[in-house]
């Protein structure tokens, strides 16, 4: 199977299946001298973890990272970093009755037709379980960006079904396992999710992710544009069906006089572009949103075919999320961080000796050589 590696200067290759013995990744190109220990992964992996709330899957994985290589005496060495996470709570028997069926809305049918064989246990390689190691790799990318530029990458739910958050309180986001940015409407959201769970159904979600500060200059036109690589990275997350950068689809109704981000002595007057101009970071916050479909693993019966081509009815029992967007928050952060870190290293490889002609804007992060503790 091809397509298991993303990134250029910072390349991440993932492996493993939902119900296999373990999942993991190899990170090549990570700069040396970054402090790293196994416990550093715990916080973000717990943010992604199942079973934190009644509104997510009740699968309980320990998600403990084992560092197999690339770290010596608490510092990255510049050699490939190998991370391993063992699966400890897989229940393959939950899929016995549907192993011969193609679950509608899942990758079962396409995997079967492409490879002629598939792992039906939790979706195998197509399972969102794989994103656990993306989050682990993202921890390293976040640390690199924070040390270089003070960059913070953060995400939240913006909409679940018909319920939309109008305000963003970032402190509220991390105070609840729902990552909801509007405390006034959280009770309404929880009631709505309770109703879905009781009905055995699911719903889609909108997730917003931003990084700030981000230095000017990241991105490689024409085919390595920062926004195009962000879109590809976010679209690679399970269940994501659409990605917006900046104002996204809303630009259809905007005039040029409204959309353009005018520049003054204190910086930009707006950020409709989402921090990217011509495929290159502008120094503003990089902002993206992604829409996740409702999971198709539900208790509501649906029509499908089995491997013999016979019409059958399928019900997906087991432990599933009524809204996968809840656990997508740290995954979105990880993918944005990995893209930005990769672009930093690519910029440094070609343009480290370029004299910045300015002008420099207020509060702008500066590209500079890495520091080693």
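Roughly speaking, what is the stretch gain from residue 199 to residue 22, that is 0.36 nm per residue apart minus the C-alpha to C-alpha distance, in nm to one decimal?
On the way: separation 177, 0.36 × 177 = 63.72 nm, distance 3.29 nm.
In short, 60.4 nm is gained.
Counting only alpha carbon atoms, the long axis of helix 131-149 and the longest principal axis of the chain meet at about 10°.
Taking R0 as 30 Å, what's the FRET efficiency between residue 299 and residue 1 from their Cβ-Cβ distance, rounded to 0.05?
Details: r = 31 Å, r/R0 = 1.04.
My answer for the efficiency is 0.45.
Stokes-Einstein diffusion of the chain at 4 °C, 1.567 mPa s viscosity, Kirkwood radius from Cα pairs, rounded to a whole number: 59 µm²/s.
In the chain, helices alone account for a calculated mean residue ellipticity at 222 nm of -7000 deg cm²/dmol, with every DSSP H run of four or more residues adding -39,500 (n - 2.57). Counted by neighbouring Cβ atoms within 10 Å, the residues 44, 169, 353 run from fewest to most as 353, 169, 44.
Mean separation of Cα pairs under 8 Å and 6+ residues apart, divided by the residue count of the chain: what relative contact order is that in percent? Write out the running numbers ahead of the final one.
Numbers: 774 pairs, mean separation 83.3, N = 373.
This gives 22 percent for the chain.
In terms of surrounding Cβ atoms within a 10 Å radius of their Cβ, 135, 173 rank from fewest to most as 173, 135.
What FRET efficiency would be calculated for the residue pair residue 113, residue 187, taking the C-beta separation as r and a Förster radius of 41 Å, to the nearest 0.05? After rounding, the FRET efficiency stands at 0.35. Placing a pseudo-label 7 Å from each Cα along the Cα-to-Cβ vector at residue 232 and residue 270 gives an inter-label distance of 3.0 nm. Taking other C-beta atoms within 10 Å as the exposure proxy, 48, 346, 113 rank 113, 346, 48 from fewest upward.
Multiplying the residue separation of residue 255 and residue 99 by 0.36 nm and subtracting their alpha-carbon distance yields 50.9 nm.
Values quoted throughout were computed directly from the atomic coordinates according to the rules given, and no laboratory measurement underlies them. Only a predicted model underlies this, so the values are computations on that prediction, with no experimental measurement involved. So basically every Cβ, Gly included, is an ideal-geometry build from the backbone, and we count neighbours across all protein chains shown.
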